[in-house]
Amino acid sequence: MRLVFTGFPKVPLVVGQMSFQLRRARMLILPEAGRPVETVDEHGAILRAIEARDAEAARVAMSRHLRQLIHRIEPLEQQYPDYFCPS
C-alpha cells in the first residue's frame, strides 16, 4: 500500500502493521462455524449500501461489521497473547 503521499513517514508502517494484525485475526476467526457466511452477508450489506449511494447505511453496515470483529478479537487476545503484544 502506497501511503507516502501523506507526508507522514510513519503512516505506511502503522497501516502495514494494522493490516498484518487484521490478516492474522481473519485467519483465526474465519474457521469459526458459520463465520464465512456471516462475513459474506456483512460485506454484501456494505456493498449494497455503497451501490445505493446511501452513506448512512454504508456507515452503519461497516460499523456493525467492525464491531463484531472487535468482539471476536478480544477472546483471541486472551487465547493467543503473544500474537497481539506490541512489537
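Could you sort 32-43, 59-70 so that the peptide with the highest average Cβ count within 10 Å comes first and the rest follow in order?
59-70, 32-43
In whole percent, and with a 1.4 Å probe on the protein chains, what portion of the accessible area of the chain is carbon and sulfur?
Details: 4460 of 6960 Å².
Taking all protein chains in place, the chain shows 64 percent carbon and sulfur surface.
Express the C-alpha Rg of the chain as a ratio against the empirical globular expectation 2.2 N^0.38 Å, rounded to two decimals.
Values: Rg = 15.4 Å, N = 87, 2.2 N^0.38 = 12.0 Å.
With N residues counted in the chain, Rg over 2.2 N^0.38 Å equals 1.29.
Using Cα pairs under 8 angstrom and six or more residues apart, how large is the relative contact order of the chain, in percent? List each step's numbers first, then the result.
Working: 33 pairs, mean separation 18.5, N = 87.
Relative contact order comes out at 21 percent.
Summing -39500 (n - 2.57) over the DSSP H runs of n ≥ 4 in the chain and dividing by its residue number, what mean residue ellipticity at 222 nm do you reach, to the nearest 500 deg cm²/dmol?
On the way: 4 runs with 65 residues, N = 87.
It lands at -25000 deg cm²/dmol.
At His43 and Ser19, where each label point lies 7 Å from the Cα along Cα→Cβ, what is the point-to-point distance in nanometres?
Rounded to a tenth, the inter-label distance reads 1.6 nm.
For the stretch 1-60, what is the accessible area per residue in Å² when the probe is 1.4 Å? Intermediate results must be reported in sequence, preceding the final value.
Working: 4790 Å² over 60 residues.
For the stretch 1-60, the solvent-accessible area averages 80 Å² per residue.
So if we plug the beta-carbon distance of Arg72 and Lys10 into 1/(1 + (r/R0)^6) with R0 = 30 Å, what FRET efficiency do we get, rounded to 0.05?
Numbers: r = 28 Å, r/R0 = 0.94.
Calculated transfer efficiency: 0.60.
The values are calculated or read from the model by the stated rules, or taken from the named source; none is laboratory data. Values in this document were obtained by computation on a predicted structure and should not be read as measured data. Every residue, glycine as well, gets a Cβ built from its backbone with ideal geometry; the counts of neighbours run over all protein chains shown. For accessibility, only protein heavy atoms count, side chains too; no ligands or nucleic acids. Shrake-Rupley method; radii C 1.70, N 1.55, O 1.52, S 1.80 Å.
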